[in-house]
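Below you'll find the structure, written out as structure tokens, and then a few comments.
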Amino acid sequence: MGSDDCYNGKSKFIFITGGVLSGLGKGVAAASIGALLSRFRVIPVKCDGYLNVDPGTMNPIEHGEVFVLDDGGEVDMDFGHYERFLHINGKSEWSLTMGKVFSTLIDSERQGVYAGTTIQFIPHVADVIKNHLFKTASKESADIMLVEIGGTVGDLENEFFIEAARQLSNIVGPDNCIFVHLTYVPIPNGTHEQKSKPTQMSVRGLNERGIYPDIIIGRCSEPLSPKIKEKIALYGNIPSKNVISGLDMESVYEIPLSYQEEGILDIIFKKLKIVGVSSPRMDEWKRLVEVCKRKYEDPKKTLTVALCGKYMQLEDSYASIREALVHAAANLNVACKLKMLDTEFLNKPEGKDVLEYIKEQLADVDAVIVPGGFGSRGMEGKISAIQVAREMNIPFLGICYGMQLAVVEYARHKCGIPLANTAEVESDGIEVKEPVIAFLPGLEYVKVLGGTLRKGGYDVFLKKNSLAEKIYNGASVIRERFRHRYEVNPLYINKLEENGLTFSGHSVKEDNIMQMMEISEHPFFVGCQFHPELTSTLLKPSPLFYNLLKAGEIRRNERG
Ligand code: GLN
């Protein structure tokens, strides 16, 4: 089953590969190229070599956060970059893992699609990949498909993606395909000189696989010198202007601007024979990038936000929350500093009372975020942090698990239900007598989604005259993205509301589900069952993060 026949003859393909090291920011590089092509319909696709069908079950400490799409897909965090840079709503089909490739292949084999044939890595695995790319490009009427291949050239697990890219480039022809290779140009200690050897080796690795990159981006702590560009160009068989500096930047949002200055669009347009298209307008983007980088002399212009979570070992675990804060701060003309509080250790301060210890920790912060999470580890620490934020009037945003635990905290300390808890911890062997947060089986969505998580975009109906309505500029319905299994137990709603907690966001179809909460006597205490960080962009920050920081600014001024 070949794939030449699937090509629509229209879409053009940009492949992005990586060399030398992982973690060079291939996702941001791909998204930056996409941002510059905003005049076209650009469809980003991420190819990942691992055998999970999607990253939904992977630990965020290992692989970074799980990004949730509007259609409910759980995908690699690079989709966060794509959405933030391209202003699109990603789709599950745009994520292609080797697990998905093999499961498609084996399903077809079981259905007799290959009857009689010996199924082999080549051609069959590569065909599944090409077919997927061609079909998605046609279905989406992509002008340009931006395909990021995970890992580094030479990784065993990504070989078939690279081979499929080579074959695909042959089918679509040179005018419809371009290869961009991102590598690393080190300056070893003591040499003061940029070194091209690792790049030469990784380009050679690509060449051995039949791919000759058209653009090489050299990630480096200094701009690539003309000399090093020439050297890389010579070994890479390209003009030296096709070697682009991938300078380390203070803000990732500078990267499209820096690629643009290096002339990347001209090279892409020339290779893909695109004529008569002007460069995108990036004025507002440029302005906000400048604000992101601004240094404020006035200490009151720097807000400190405490992030109280348990995935602290890897920065990427809370990637979208970090970005959402950057967006909100830039639009508010302030700087934002994060204070990470590991909730697993909040409960064991040496020789100190837990709440006193947390009070000390939160004394110099202007806002508190308790992010999403799972399980009992670090949970009591989160509840204590929420209690302190509530009692000390510190602006608070509880996201998903953060909202659920805010409800637990309120029930315990304001509604006279000291044994209140979330039913989720039962699976860790903790007895839950008062499940204010519970699993509600039997609902339609649970059946549809296979009984696991309620995932993806849903409408949230906001209560009239609530803070939530004000935050969302008077909107009565908003759409946000969810990923949860538990929710506020309807049996406790009256009691919670009688004692001063307001549920200000509801779902209409499943009207038992509380999607937002707030406390009116607090300057800013909001919980949301959804993940507002997933849809925030630099040009359009999430209203929740924006208003959290706005409340934080007031607190900062009061703190003096
Ligand atoms: N663990 C909670 C639930 O399953 C919250 C999930 C989350 O924070 N994403 O409902």
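What to note about this one:
- Of the helices (runs of 4 or more DSSP H) contained entirely in the stretch 312-430, not one carries at least 2 residues that are open to solvent by 10 Å² or more (accessible area, probe 1.4 Å), away from the ligand (no atom under 16 Å from the Cβ) and touching a Cys at 6+ places or on another chain (Cβ under 9 Å).
- Of all residues in the stretch 266-282, those satisfying the criterion of being at pLDDT 90 or above and either surrounded by fewer than 19 Cβ atoms within 10 Å (Cβ to Cβ) or in a loop (DSSP other than H, G, I, E, B) (or both) are ASP266, PHE269, LYS270, LEU272, LYS273, ILE274, VAL275.
- Scanning the stretch 525-560 for residues that are surrounded by fewer than 24 Cβ atoms within 10 Å (Cβ to Cβ) and of a type in the set (Phe, Trp, Tyr) gives a single hit, TYR546.
- Test: residue in the stretch 195-217 that is at pLDDT below 95 and open to solvent by 10 Å² or more (accessible area, probe 1.4 Å): no
- Test: residue in the stretch 479-493 that is at pLDDT 95 or above, in contact with a strand residue (DSSP E or B) (Cβ under 7 Å, 6 or more places away or on another chain), more than 15 Å from the ligand (Cβ to nearest atom) and open to solvent by 40 Å² or more (accessible area, probe 1.4 Å): yes
- Every test in (1) open to solvent by 40 Å² or more (accessible area, probe 1.4 Å); (2) closer than 19 Å to LYS135 by Cβ; (3) out of contact with any Leu (no Cβ under 8 Å at 6 or more places or on another chain) is passed by LYS91 save one, and that test is (3).
- Annotation note: Cβ proximity below 6 Å between a residue of the stretch 538-551 that is more than 23 Å from HIS81 (Cβ to Cβ) and a residue that is among the hydroxyl-bearing types (Ser, Thr, Tyr) and open to solvent by less than 10 Å² (accessible area, probe 1.4 Å) (sequence gap 6+ or interchain) occurs for no pair.
- Residues of the stretch 245-290 satisfying the condition of being of a type in the set (Asp, Glu) and within 19 Å of PHE179 (Cα to Cα): GLU262, ASP266
- Residue tally, condition open to solvent by less than 70 Å² (accessible area, probe 1.4 Å) and in a loop (DSSP other than H, G, I, E, B), over the stretch 99-154: 11
- Per the conditions (1) within 30 Å of LYS270 (Cα to Cα); (2) touching a strand residue (DSSP E or B) at 6+ places or on another chain (Cβ under 8 Å), the sole criterion not satisfied by SER22 is (2).
- Options TYR318, TYR357: the member that is of a type in the set (Phe, Trp, Tyr) and within 23 Å of HIS81 (Cα to Cα): TYR318
The values are calculated or read from the model by the stated rules, or taken from the named source; none is laboratory data. In this text, all values refer to a predicted model and were calculated from it rather than measured experimentally. Note that each Cβ is placed from the backbone with ideal geometry, even for glycine, and that neighbours are counted across all protein chains shown. What goes into the accessible areas is simple: the full protein's heavy atoms, side chains included, and nothing from ligands, DNA or RNA. Shrake-Rupley method; radii C 1.70, N 1.55, O 1.52, S 1.80 Å.
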